[in-house]
Amino acid sequence: QVQLVESGGGLVQPGGSLRLSCVASGGILSLYTMGWYRQAPGKQRELVATITSGGSTRYADSVKGRFTISRDNAKKTVYLQMNSLKFEDSAVYYCNGERRYWGQGTQVTVSS
């Protein structure tokens, strides 16, 4: 069974930055497409960003220019650098692999 474990969430002020990490382990040799999703209370889970094993990226319009997704294949880790954070970025952020595997989530709270 593939396991994804997120870390790096926390409390940050508006305009601040956080860097999330997701480490993959178990089961399979590699994951082609990985991504970050987020879900705020009362809202649908939404796609934030994706990255392929070759480094191709896509972003939701709401985070474009502020967030950067990256990965280190040797470490089986995907990152989400979040800059210029806004109140509306507050959510539980979930790591996703192959649109199939999910982490437990890490809370990001943007508050002054």
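The values are calculated or read from the model by the stated rules, or taken from the named source; none is laboratory data. Just so it is clear, the model here is predicted, and its values are computed rather than measured. All Cβ positions, even for glycine, are placed from backbone atoms using ideal geometry, and neighbour counts span all protein chains on display. Each accessible area value is taken on the protein alone, full model and side chains, heavy atoms only, with ligands, DNA and RNA left out. Shrake-Rupley method; radii C 1.70, N 1.55, O 1.52, S 1.80 Å.
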For the range 72-94, which positions are in contact with a Lys or Arg (Cβ under 7 Å, 6 or more places away or on another chain), buried (at least 18 other Cβ atoms within 10 Å of the Cβ) and not in a strand (DSSP E or B)? none
Answer with yes or no whether Arg99 is touching a residue at least 12 places away in the same chain (Cβ under 8 Å) and in a strand (DSSP E or B). no
I'd like to verify a number: residues in the range 24-40 that are at pLDDT 95 or above and open to solvent by 40 Å² or more (accessible area, probe 1.4 Å), how many? 2
List pairs: first residue in the range 38-59 and on the phi < 0 side of the Ramachandran plot and in contact (Cβ under 8 Å) with a residue 24 or more places away in the chain, second residue open to solvent by 30 Å² or more (accessible area, probe 1.4 Å) and part of a loop (DSSP other than H, G, I, E, B) anywhere in the structure, Cβ distance under 6 angstrom, at least six positions apart or on different chains. Gln39/Arg45
